[in-house]
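Peer 1: Here you go, one structure.
The values are calculated or read from the model by the stated rules, or taken from the named source; none is laboratory data. Just so we're clear, the structure is a prediction, and the values are computed from it rather than from any experiment. Glycine gets a Cβ as well: all are built from the backbone with ideal geometry, and neighbour counts include every protein chain shown.
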Amino acid sequence: EHNSITGLKVQATPIKRLCRSRSILTVNGQFPGPTIQVRDGDSVNIKVINKSLYNISIHWHGIKQKGTQWADGPEYVTQCPIQPGSSYTYRFSIQDQDGTLWWHAHSRWIRATVYGAFIIYPKLGVPYPFEKPDKEFAVLLGEWWDNDILGIMRQALFSGAAPNVSDAYTINGQPGDLYRCSSLDTATFYVDAGDTILLRVINAALNQQLFFGVSNHMLTVVGADAAYYKPFQTQAIMVGPGQTTNVLITADQTPARYYMAARAYATAQGAPFDNTTTTAILEYNSIPCDSNTGSFLRPSLPQLPAYNDTATVTAFTSQLRCLSSSDIKVPTEIDEDLFITVGLGFFNCIPGPTCQGPNGTRFASSMNNVSFVLPTRSSLLQAYYQNIPGVYTIDFPPAPQLQFDYTGNVPRALWQPIVGTKLYKLKFGANVQIVLQDTGIFSTEDHPIHLHGYQFYVVGQGFGNFDPNTDTANFNLVDPPERNTVGVPVGGWAAIRFIADNPGVWLMHCHIDAHLTWGLAMSFLVENGPGRLQSVGRPPLDLPQC
Ligand code: C2O
């Protein structure tokens, strides 16, 4: 049941979708790329060969990379990109993790087509803590764009008009038969009547949170982001970019074809979004043929919430609980208490090709009012390890100490972000709490915030401004969900906790690529007492250079 993918070759490949063939980057000629299947405890060596014309790097989203910081993958953070014609072998091991993760390019917006599932099975002989499924499927939700993705990225970066929405959503790379020319481009999952099926749902979309459901079949949520959760039933799940959710379904309906579907959960007021629906088919083997038409029964769409149904999302999110409260390691005493604003705003700029937004501005995103820029002449980790000055500064500021309503109508002048490559240094072993606060300078919006190098516990979330006096008292320290990507609710906050036990340089960013490109990122430096040479091991000999 396990394969061992040892090489990923990135190359341009003609792929036909929505009536038109165009050249996209694929991996091993596949779109999406191959599924990597390993077990907890395995050592992994994956050689990435770049046969494309672009710089690329690959990130193993959710793998903790303890002691293998050079293998994390984000370009200019833990490595320089792999240049065209070069390769790099990522070497790491799976340490006390199992579940559904994924891998994706971590270079500009190249992950639009360069991604795949990363499945970690439990150690040999260790069963799932739920009924053994008869079948398992990875269900990768994505976005398809009719035009070149880097052109769309540049438009997002400079225009400030944000019409850059996708042309279709996809399930396992296929738009599904509701789109033009796509009746054959529909993923089908074959099941037997009576089967219990594990769906590993991964949101690989660039910029869109998505609802997902299966018509006539209730979903039983059993985990997310490589952690097990207390099971509960729901008609639909909401998955943010970067997140995964494991659900069980039972094939207990009349044998037929049923739609699976995904569509947008969109929270930015007034901003355009792709309001289309992607479908796949859950098909029971041995469906009786309709003798009149010779065709299968026609499927109906699952009931999915309205695109702006935040109440349903909140109710869903509040049901996510860690399976076992006995082996959770959520810190109760806090050494590092961070409050970090996340939000969209504007830069003032000189009108021209790189400043096409309204009134001499373009969009900017920031954390604590710093819009993050990646270095170009070295990765952050190399600069740290080799003590190269001038690549970053360790002065990530505290949140603006202004007395106002973060999510209210704030004068823009107070929120002109500064640009910088600012790191925040965390003491090794510290118990860390981070409250992430959405702000409303331009528009409130959900932000799926991903932390590299760690799994954390989501101990609380709410709407409006975080209030340390009342909100902290309601934190869940008993069975908080463990994740690597947390949705900061629109106009609200989320609080996470973890122990800073993994030295290295670790990016934290919004997994909506438009926001990341605008600067919604920061980086932690976790230094093991004695210093850099004790914190990070020797770089691999084939580590790409800038
Ligand atoms: Cu899934 Cu920094 O990314």
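Peer 1: Take the residues of the range 377-411 that are aromatic (Phe, Trp, Tyr) and at pLDDT below 85: which is farthest from Pro530 (Cα to Cα)?
Peer 2: Phe404
Peer 1: Quick check on Asn469: is it farther than 30 Å from Cys80 by Cα, surrounded by fewer than 22 Cβ atoms within 10 Å (Cβ to Cβ), out of contact with any Cys (no Cβ under 7 Å at 6 or more places or on another chain) and touching a residue at least 12 places away in the same chain (Cβ under 8 Å)?
Peer 2: Against the criterion (farther than 30 Å from Cys80 by Cα, surrounded by fewer than 22 Cβ atoms within 10 Å (Cβ to Cβ), out of contact with any Cys (no Cβ under 7 Å at 6 or more places or on another chain) and touching a residue at least 12 places away in the same chain (Cβ under 8 Å)), Asn469 does not qualify.
Peer 1: Are any residues in the range 169-203 touching a Gly at 6+ places or on another chain (Cβ under 7 Å) and over 24 Å from Trp103 (Cβ atoms), and if so, which ones?
Peer 2: Listed by number, the residues that qualify are Ser182, Thr186.
Peer 1: Starting from residues that are among the β-branched types (Val, Ile, Thr) and either out of contact with any strand residue (DSSP E or B) (no Cβ under 6 Å at 6 or more places or on another chain) or without any contact (Cβ under 8 Å) to a residue 24 or more places away in the chain (or both), keep the ones in the range 343-376 and report whichever is farthest from Thr78 (Cα to Cα). Don't jump to the end; show me each part of the working.
Peer 2: Restricting attention to the range 343-376, the residues satisfying the condition of being among the β-branched types (Val, Ile, Thr) are 350, 354, 361, 370, 373, 376.
This time we only want the ones that are either out of contact with any strand residue (DSSP E or B) (no Cβ under 6 Å at 6 or more places or on another chain) or without any contact (Cβ under 8 Å) to a residue 24 or more places away in the chain (or both), so: 350, 354, 376.
Details: Ile350: 33, Thr354: 28, Thr376: 12 Å.
Among residues in the range 343-376 that are among the β-branched types (Val, Ile, Thr) and either out of contact with any strand residue (DSSP E or B) (no Cβ under 6 Å at 6 or more places or on another chain) or without any contact (Cβ under 8 Å) to a residue 24 or more places away in the chain (or both), the one farthest from Thr78 (Cα to Cα) is Ile350.
Peer 1: Return the only residue of Ser166, Ser159 being within 20 Å of the chain's Cα centre (by Cα), of a type in the set (S, T, N, Q), more than 15 Å from the ligand (Cβ to nearest atom) and not assigned by TED's automatic domain parsing to the domain that holds Phe346.
Peer 2: Ser166
Peer 1: With the range 33-119 as the region, which strands (runs of 3 or more DSSP E) entirely inside it contain at least 1 residues that are away from the ligand (no atom under 16 Å from the Cβ)? I'd like the intermediate steps shown before the answer.
Peer 2: Values: elements: 36-39, 43-50, 58-61, 87-93, 99-105.
Here the list reads 36-39, 43-50, 87-93.
Peer 1: Pairs please, first residue from the range 433-444 and within 12 Å of Ser366 (Cα to Cα) and touching a residue at least 60 places away in the same chain (Cβ under 8 Å), second anywhere and assigned to a strand (DSSP E or B) and hydroxyl-bearing (Ser, Thr, Tyr), Cβ atoms under 7 Å, 6+ apart in sequence or on different chains.
Peer 2: Gln437/Thr341; Thr439/Thr341
Peer 1: Separate question: Say whether the condition of being crowded, with 22+ Cβ neighbours inside 10 Å, closer than 22 Å to Leu323 by Cα and within 16 Å of the ligand (Cβ to nearest atom) is met by at least one residue in the range 489-496.
Peer 2: Yes, that holds for at least one residue.
Peer 1: Here is a check on your reading of the model: is Ile82 crowded, with 19+ Cβ neighbours inside 10 Å, touching a strand residue (DSSP E or B) at 6+ places or on another chain (Cβ under 9 Å) and free of Cβ contacts under 8 Å to residues at least 60 places away in the same chain? I'd like the intermediate steps shown before the answer.
Peer 2: Details: crowded, with 19+ Cβ neighbours inside 10 Å: yes; touching a strand residue (DSSP E or B) at 6+ places or on another chain (Cβ under 9 Å): yes; free of Cβ contacts under 8 Å to residues at least 60 places away in the same chain: no.
No, not satisfied.
Peer 1: So, Thr244, is that one surrounded by 22 or more Cβ atoms within 10 Å (Cβ to Cβ), closer than 27 Å to Val458 by Cβ and of a type in the set (S, T, N, Q) or not?
Peer 2: yes
Peer 1: If you don't mind, another one. Any chance the range 302-312 includes a residue that's closer than 30 Å to Met218 by Cα, polar (S, T, N, Q), in contact (Cβ under 8 Å) with a residue 60 or more places away in the chain and surrounded by 14 or more Cβ atoms within 10 Å (Cβ to Cβ)?
Peer 2: yes
Peer 1: Which of the following residues is surrounded by fewer than 22 Cβ atoms within 10 Å (Cβ to Cβ) and within 15 Å of the ligand (Cβ to nearest atom): Leu451, Leu507, Leu520? If you could, list the steps in order and put the result at the bottom.
Peer 2: Working: Leu507 fails: surrounded by fewer than 22 Cβ atoms within 10 Å (Cβ to Cβ); Leu520 fails: surrounded by fewer than 22 Cβ atoms within 10 Å (Cβ to Cβ).
After applying the criteria, what remains is Leu451.
Peer 1: If you don't mind, another one. For the range 336-376, give me each residue that is surrounded by fewer than 19 Cβ atoms within 10 Å (Cβ to Cβ), charged (D, E, K, R) and modelled with pLDDT under 95.
Peer 2: None; the set is empty.
Peer 1: Could I ask something else about it? Output the residues belonging to the range 27-61 that are in contact (Cβ under 8 Å) with a residue 60 or more places away in the chain, under 10 Å from Lys9 (Cα atoms) and of a type in the set (Gly, Ala, Ser).
Peer 2: Gly33
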